Amino acid sequence: MSVRHHLLAAISLAIVATTTPVSAQTLRYANQGDLKSLDPHTLNETTTHAHLGQVYEGLTARDKDLKIIPALAESWETPEPTRWRFHLRKNVKFQNGDPFTADDVVFSADRVRAKGSNLQTRIPADAKVVKVDDYTVDFILTSPNPILNSQWDTWYIMDKKWAEANNATQPTPASATTPSFASLNANGTGPFMIESHQPGVKTVFKVNPNWWQKPEHNLKEIVFTPIASDATRVAALLSGEVDIIEPVPIQDISRVDSSPNAQVLKGPEIRTIFLGMDQSRDELLYSNIKGKNPFKDVRVREAFYKAIDIELIKNRVMRGLSTPSALMVAPQLYPPSKDFTRPKFDPDGAKKLLTAAGYPDGFEVTMDCPNDRYVNDAAICQAVVGMLARIGVKVNLLAQPKAQYFAKILKPGGYQTSFYMLGWTPGTLDSHNVMYDIMGCRDDPKSARGETNLGGYCNKEFDDIADKVLQETDTAKRDQLIKAGFEIAMKDWAYIPLHQQALAWGVSKKLKVVQRPDNQVLPYWMVKSE
Amino acid sequence: MLAFTLRRAVQAIGVMIAVGIIAFAMFRFAGDPVSQIVSIDTPAAEREAVRKSLGLDDPVLIQFARYFVNAAQFKFGVSYQFRQPVSTLLAERLPATLELAICATIFAMVFGILMGVYAALRRDTLLAKLCQAVSLIGISLPTFLIGILLIYLFAVTLGWLPSFGRGEMVRIGWWTTGLLTVSGLKALIMPSITLGLFQMTLIMRLVRAEMLEVLRTDYIRFARARGLTTRAIHFGHALKNTLVPVITVAGLQFGSVIAFSIITESVFQWPGMGLMFVQAVQNVDIPIMAAYLLMVSLIFVTINLVVDILYTIVDPRLRATVSRPA
């Protein structure tokens, strides 16, 4: 063949290439956080779940409004309250070609509950997972659980054969001494496959042509880079080097919005930010009041609540990007929350309450606060310090990085706090989680109830209702129970809910995305124009 | 001479051990690694299991002994965050940091010497004054600010250079290089300037001062009297004699360029060891922190050792005092 022939062929190819519209696009995405491991069972964290949700899938998924929808399970029913039957989707293949069957579900159920997994609570430890046939699996429980599958959208199914062949049948614990295969390689059933993964540097996904669903995206490739520095991440979006960033710092929102090629997509997040008070110790650890605990007096708690000007925090600190909340759970997760309203901001009333409680001149207390965990966390605490100063309470603020903060305030640190700020997203996306973990009594050391109830609020009546909520399968009745529970907590001034912070994603104008309130950035719903 | 080298080597090992002890003492204040490994809603019992499996519940002395024995055998363990061996992670990140440090040093040397010479020879021109002004900026502005300013000017406003990362890389064995691709070279420009600006300023001021000094000496005056060309006097005689201290300083500064790359790497999301160290601190990833600190101290100690030995070779007077200690 002559040189000319080659040349001709090349030219005609080039013409074809330029005339065919290129619809498959490359998405370039930057997030503040890393994708540390590809093992779907090692880290229980939103960003990681979102990334791995491109590669792996669960039996169920959550749609654009967070409703539970079928995924690898086509349908399910509960023939008895303690037995759930899942019918698996047929003709689904893993990315290496292995067929997806009930064995993979049983295997993944064991793996997610194994030592070293960070997602052990996805399935109750005493639940039995039984293969009925190749495409039917039963989950047999010891007690009824209406929200069994509420977190299964991020319980990802792995290929048993692949895991066994690669010695990856157990999630890699942090104490491992050998590198884990599953943390550098992935083999799921999802819309994208891992092409390359350098932890903390760059991960490239390419489209899975054999995906069982019809894709809504038009991407052929996703290039993910973690960019930890806020200014650099925003600059990368403004210069067009990346198509989407998460998050946009609040102070940069107006600049991104005024740029010609990008905008900020804002929306409510389901994380609730709140203040808690130590009401269990007989004497506060960090206060000038000795021999008694002011927070044990319900009037002091009420005074603190009423001294907080939540609108000021919203307008000044959060620049409008927050939704003040009367409850410890976001309205998206508990629709009847609209029946609750925050008590009015009332500094004079608060002052009177403090006087009535025997603290006419206020008192001193130390407040624990993270400074790198939630949106403007330290600034919110600063504002709270100022507001409480108006009713005579002198708050010494201890704002620390999350590594030190959590080490001090959580259970392993001995709940060493008198007054603190915390944020919470119920992992199950359900109120029971908040009623159990945050608001339940922690007096039984054997029970996990109230483990994140750092202030030790305790009301047995409330706990009884929480237990009924777990068992109740009728939604309307359940909502009524939850309401009764939250009313008790409000009457007790158990916590001071502040707000749900807003999501802020920076998105190129070329890109259409779906923003879900759980802050998962999900490329499989993105469409990019040229 | 051999005794001197040995003595210095023993001292170097002492320094390494001291760094190891200080580093280990500091880890205790970095926070709780377990709360970074598990999510916040992890039951306390499970947290304790993780703590136990990492040996974090042992007495401090036992933990230190274990850490020390492993470090002495160059076993740095597995990163808590990535579940990968620390040595692999560091080896992956080493080329990025070294390339950046070398480019920054070359930039600093070339521009520092040129500007220094010019500022010394044409002291009163506008350009010389401008050089002085630039050197003031280089000394007084913090690195991260320079980096962000460069990003906003050249990446966001002008769109000439990338704002983050290393660009496309070529893999040669285990080494990855950005020097062989256009995007890789473009990605190197801003981080190198940011990292090298301080050293450049230093070198420029040093060269200028030395040059002015040398130009006043007798042998320059004699050279002029002999009727040599100005060029030969300035570059053949004066500059050559200026360069000895400059090379010494640049060599010693190379260690701090590597250590200071932490900030530059964070600003430009440069995938080097410094960036990994910062993230390790935030996540209390003790194996990475320990290995990085030991490595940086090794680099410093080695450079100092080499410089000490070179001095004795270069300067016979030192050799005399070394072999006959007073």
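The values are calculated or read from the model by the stated rules, or taken from the named source; none is laboratory data. For clarity, every value in this text was computed on a predicted model and none was experimentally measured. FYI the Cβ positions are ideal-geometry reconstructions off the backbone, even for glycines, and counts take in every protein chain you see.
Values for this structure:
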| read-out | value |
| --- | --- |
| Matching entry among A:L148, A:L141, A:L119 (being under 17 Å from the mean Cα position of the chain (by Cα) and among the aliphatic types (A, V, I, L, M)) | A:L119 |
| Enumerated helices (runs of 4 or more DSSP H) restricted to the range B:136-253, each holding at least 3 residues that are farther than 24 Å from A:A30 by Cα, at pLDDT 90 or above and within 14 Å of chain A (Cβ to nearest Cβ) | none |
| Every residue from the range A:219-263 that is of a type in the set (D, E, K, R), at the interface with chain B (Cβ under 9 Å from one of its Cβ atoms) and crowded, with 24+ Cβ neighbours inside 10 Å | A:R233 |
| Residues within the range B:44-99 that are more than 10 Å from chain A (Cβ to nearest Cβ) and farther than 30 Å from A:G450 by Cα, tallied | 25 |
| Residue check, B:R28 within 13 Å of another protein chain (Cβ to nearest Cβ) and at pLDDT 80 or above | no |
| Only listed residue being buried (at least 22 other Cβ atoms within 10 Å of the Cβ), farther than 30 Å from B:E46 by Cα and either hydrophobic (A, V, I, L, M, F, W, C) or within 14 Å of another protein chain (Cβ to nearest Cβ) (or both), chosen from A:L410, A:L388, A:L397, A:L422 | A:L388 |
| The range A:418-451, residues that are at pLDDT below 90 and assigned to a strand (DSSP E or B) | none |
| Filter result for the condition that a residue is buried (at least 19 other Cβ atoms within 10 Å of the Cβ) and farther than 19 Å from A:S75 by Cα, over A:S150, A:S180, A:S143 | A:S180 |
| Unique match (being more than 30 Å from B:A30 (Cβ to Cβ), in contact with a strand residue (DSSP E or B) (Cβ under 9 Å, 6 or more places away or on another chain) and without any contact (Cβ under 8 Å) to a residue 12 or more places away in the chain) among A:A330, A:A326, A:A389 | A:A389 |
| When residues of the range B:274-306 are limited to those that are touching a Phe, Trp or Tyr at 6+ places or on another chain (Cβ under 6 Å) and not aromatic (F, W, Y), the one farthest from the other protein chains (Cβ to nearest Cβ) | B:A291 |
| Of the criteria (1) in a helix (DSSP H, G or I); (2) of a type outside the set (S, T, N, Q); (3) surrounded by fewer than 24 Cβ atoms within 10 Å (Cβ to Cβ); (4) touching a residue at least 60 places away in the same chain (Cβ under 8 Å), which one A:Y415 fails | (1) |
| Which numbered condition B:L202 fails, given (1) in contact (Cβ under 8 Å) with a residue 40 or more places away in the chain; (2) at positive phi | (2) |
| Residues of the range A:368-385 satisfying the condition of being touching a residue at least 60 places away in the same chain (Cβ under 8 Å), surrounded by 21 or more Cβ atoms within 10 Å (Cβ to Cβ) and not in a helix (DSSP H, G or I) | A:V375, A:N376 |
| Subset of the range B:50-63 (residues that are surrounded by fewer than 20 Cβ atoms within 10 Å (Cβ to Cβ) and touching a Gly at 6+ places or on another chain (Cβ under 9 Å)) | B:S53, B:I62, B:Q63 |
| Residue satisfying all of: in the range B:264-282; surrounded by 21 or more Cβ atoms within 10 Å (Cβ to Cβ) and of a type in the set (A, V, I, L, M, F, W, C); modelled with the lowest pLDDT among these | B:A280 |
| Residues of the range A:452-478 classified as crowded, with 17+ Cβ neighbours inside 10 Å, among the charged types (D, E, K, R) and either at positive phi or in a helix (DSSP H, G or I) (or both), total | 2 |
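Results for (1) within 14 Å of the chain's Cα centre (by Cα); (2) assigned by TED's automatic domain parsing to the domain that holds B:M109; (3) surrounded by 15 or more Cβ atoms within 10 Å (Cβ to Cβ); (4) without any contact (Cβ under 8 Å) to a residue 24 or more places away in the chain, shown as yes or no for each residue.
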{"residue": "B:V214", "(1), (2), (3), (4)": "no, yes, yes, no"}
{"residue": "B:Y219", "(1), (2), (3), (4)": "no, yes, no, yes"}
{"residue": "B:T242", "(1), (2), (3), (4)": "no, yes, yes, no"}
{"residue": "B:A250", "(1), (2), (3), (4)": "yes, yes, yes, no"}
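Rundown of residues vs (1) without any contact (Cβ under 8 Å) to a residue 40 or more places away in the chain; (2) of a type in the set (A, V, I, L, M, F, W, C), yes/no style:
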position: A:S447; (1), (2): yes, no
position: A:K460; (1), (2): yes, no
position: A:D464; (1), (2): yes, no
position: A:E472; (1), (2): no, no
position: A:L481; (1), (2): yes, yes
position: A:W505; (1), (2): no, yes
position: A:V513; (1), (2): no, yes
position: A:Q520; (1), (2): no, no
position: A:E530; (1), (2): no, no
